[in-house]
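The values are calculated or read from the model by the stated rules, or taken from the named source; none is laboratory data. On a predicted model such as this, the values are computed, not experimentally measured, just so you know. No Cβ is skipped: glycine too gets one built from the backbone with ideal geometry, and neighbour counts run over all protein chains shown.
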Amino acid sequence: MAVAGPSIVSRKPFSAAIGTSQAWIRGAAESLFSVLFPSDCRICAAPLLNISRLPVCPDCLEKIQAIRGKVCSVCGDRVLSSYAIDDASGLRICPVCRRVERPFDRAVAYGSYDGGLRELIHLLKFNGVRPAAGVLGRMLAESIAALDASFEQATVLVIPVPLFKGKRHQRGFNQAESIARAALKYLAQGGRLKPRADILLRTRDTHSQIGLTSHQRRENMRGAFTVARATEVTGREVLLVDDVYTTGTTASECARVLRRAGAAKVWVATVARTMKLASKYADAGMDEVEFEAEPARAAG
């Protein structure tokens, strides 16, 4: 018994140490979990019941719907039937697209830039929630699928709108590129679409477009982009990809630069776009036009 006594006593501190260690590990794991998997939805603040890398509840994701109703066949903006005029080929054209020629052939978007979709884009863009790119990529894939019948060439170059190098370094990634890469994984014609993030470059930083007039927006973007190797886009179809189409100034400037570099056609696909109120079309003036009219394109 004299031998057993010390043995029993010596086990108690060891057992207590194990319990303390396990409690510390459990606490650390819970802390790490709370960081990686927030307990509340980042959109509606409802408790998250399932483990997910994306801190958004299923209800908020289900509420994000595709654009419905009549939209312009060229720019994708909403139009009322009283303002929609079909051209000779049966395409519905909005008042702005009737007055000027867009530098791109067609622009499509999945949803309206508001509500949950706007918040989801902000989670990726400004909060660095990378898993959001997968969900946004699926939406972008639906937008691209709407253009599939329009593609004429065997391969189409997919070019994301670039960030200025300083902003990309600060953010750590280009959201347009991340979304485009995710979208291609959902598309059956992924082999037909060739991602090329190294062709279109942003040569200078630009100011925020918020509050600027249409003329100021054009001047803000003018000269901000360049094509690194024009020979690689000459005669090719290009799909320009971005997260949001707001005023169209950025997409138009990128498309103009790509066309001047020799691109045969430029299509635009975004996850979201700002939808104008169709009632404003009746009073639309040239100040609403997002870019200067392009000269008529040569046949072929």
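In the range 115-126, the residue that is farthest from L184 (Cα to Cα) out of those that are touching a residue at least 40 places away in the same chain (Cβ under 8 Å) and out of contact with any strand residue (DSSP E or B) (no Cβ under 8 Å at 6 or more places or on another chain) is G115. Select from the range 240-259 the residues that are under 19 Å from E152 (Cβ atoms) and surrounded by fewer than 22 Cβ atoms within 10 Å (Cβ to Cβ) and list them in ascending order. The one that is under 19 Å from E152 (Cβ atoms) and surrounded by fewer than 22 Cβ atoms within 10 Å (Cβ to Cβ): R259. Kindly establish whether S112 is of a type in the set (S, T, N, Q) and in contact (Cβ under 8 Å) with a residue 12 or more places away in the chain. Criteria met by S112. Figure legend. Inter-residue proximity from the range 236-262: first residues at positive phi, second residues small (G, A, S) and surrounded by fewer than 20 Cβ atoms within 10 Å (Cβ to Cβ), beta-carbon distance below 9 Å, spacing 6+ or different chains. Indicated pairs: G262/A230; G262/G235.
Among the residues making up the range 120-153, those that are of a type in the set (A, V, I, L, M, F, W, C), crowded, with 17+ Cβ neighbours inside 10 Å and assigned to a helix (DSSP H, G or I) are L120, I121, L123, L124, A132, A133, V135, L136, M139, L140, A141, I144. With respect to S52, is the statement that it is modelled with pLDDT under 85, under 30 Å from S252 (Cα atoms), among the small types (G, A, S) and surrounded by fewer than 20 Cβ atoms within 10 Å (Cβ to Cβ) true? Here the answer is no, as S52 does not meet what is asked.
When residues in the range 171-189 are screened for being closer than 12 Å to G137 by Cβ and surrounded by fewer than 16 Cβ atoms within 10 Å (Cβ to Cβ), 1 of them pass.
If I ask for residues that are of a type in the set (G, A, S) and either touching a His at 6+ places or on another chain (Cβ under 6 Å) or part of a helix (DSSP H, G or I) (or both), which ones from the range 154-204 would you list? Correct list: G166, A176, S178, A180, A182, A183. Suppose we keep only residues that are under 17 Å from A45 (Cα atoms) and surrounded by fewer than 18 Cβ atoms within 10 Å (Cβ to Cβ) within the range 101-118. Which one would you say is farthest from the chain's Cα centre (by Cα)? Out of the qualifying residues, it is G115.
Looking only at the range 197-208, filter to residues that are surrounded by 15 or more Cβ atoms within 10 Å (Cβ to Cβ) and at pLDDT below 95; which one of those is nearest to V241 (Cα to Cα)? Step by step, filter the range 197-208, then rank; the result is R202.
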